[in-house]
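The values are calculated or read from the model by the stated rules, or taken from the named source; none is laboratory data. Remember, predicted model here, so these are calculated numbers, not experimental data. Cβ: placed from backbone, ideal geometry, glycine included. Neighbour counts: every protein chain shown. Each accessible area value is taken on the protein alone, full model and side chains, heavy atoms only, with ligands, DNA and RNA left out. Shrake-Rupley method; radii C 1.70, N 1.55, O 1.52, S 1.80 Å.
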Amino acid sequence: MARIAGVNIPTNKRAVIALRYIHGIGPVNAAEIMDKVKIPHSKRVNELSDAEVLAIREVIDRDYMVEGDLRREVSINIKRLTDLGCYRGTRHRKSLPVRGQRTHTNARTRKGPAKAIAGKKK
C-alpha cells in the first residue's frame with residue numbers, strides 16, 4: 001500500500017484514480033501529476049516502483065496544497081468571513097446555503113433534518 005501525503009491510496013486501482021483519494025486532488029490534477037512524472041495513465045498503483053512513488057510524492061509536495069494544509073486554509077477563509085460579518089459569513093454562521101440557493105424548500109443537506117413545527121397541521 002502506497003502512502004502519499006499522509007493518505008494510504010488503494011493498490012489495485014489505476015494510479016490516476018487512486019491519487020483522487022488525497023483531499024485536494026481531483027481528476028485534472030491527478031492527470032497533471034501523472035504527466036509531470038511521465039507515468040502512463042493506465043499503470044496501477046501496485047505496478048509502480050518505489051522511485052515512481054517517490055517522484056509522485058515530491059511533485060505533490062512541491063506543487064499542490066493538499067490534506068491538512070488545504071483543510072486549514074479553507075477553515076481560515078471561512079473564519080475570516082464570519083469574523084467580518086459579511087453576508088457569506090453570516091450564512092456560514094447560520095448553517096444555511098452560502099451561494100444563493102433557495103431555502104424555502106430543499107437545502108436539507110446544509111440545514112440538517114427537518115424539525116416539526118407545533119400547530120402546523122391543517
(message) Here are the criteria: (1) touching a Pro at 6+ places or on another chain (Cβ under 8 Å); (2) open to solvent by less than 70 Å² (accessible area, probe 1.4 Å). Tell me which single one LYS43 does not satisfy.
(response) (1)
(request) Quickly run through the range 1-30 and pick out the residues that are surrounded by 14 or more Cβ atoms within 10 Å (Cβ to Cβ) and assigned to a helix (DSSP H, G or I). (result) ALA15, VAL16, ILE17, ALA18, LEU19, ARG20, TYR21, ASN29, ALA30
(message) Can you list residue pairs whose Cβ atoms sit under 9 Å apart, with the first residue in the range 82-96 being open to solvent by less than 100 Å² (accessible area, probe 1.4 Å) and hydrophobic (A, V, I, L, M, F, W, C) and the second being part of a helix (DSSP H, G or I) and modelled with pLDDT of 95 or more? Count only pairs 6 or more apart in sequence or on different chains.
(response) LEU96/THR90
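Here are ASP69, ASP61, ASP83: which of them is assigned to a helix (DSSP H, G or I) and either small (Gly, Ala, Ser) or more than 22 Å from the chain's Cα centre (by Cα) (or both)?
On the way: ASP69 fails: either small (Gly, Ala, Ser) or more than 22 Å from the chain's Cα centre (by Cα) (or both); ASP61 fails: either small (Gly, Ala, Ser) or more than 22 Å from the chain's Cα centre (by Cα) (or both).
Testing whether each residue is assigned to a helix (DSSP H, G or I) and either small (Gly, Ala, Ser) or more than 22 Å from the chain's Cα centre (by Cα) (or both) leaves just ASP83.
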(request) Examine the range 47-55 for a residue that is loosely packed, with under 11 Cβ neighbours inside 10 Å, in contact with a helix residue (DSSP H, G or I) (Cβ under 8 Å, 6 or more places away or on another chain) and not small (Gly, Ala, Ser), and state whether such a residue exists. (result) no
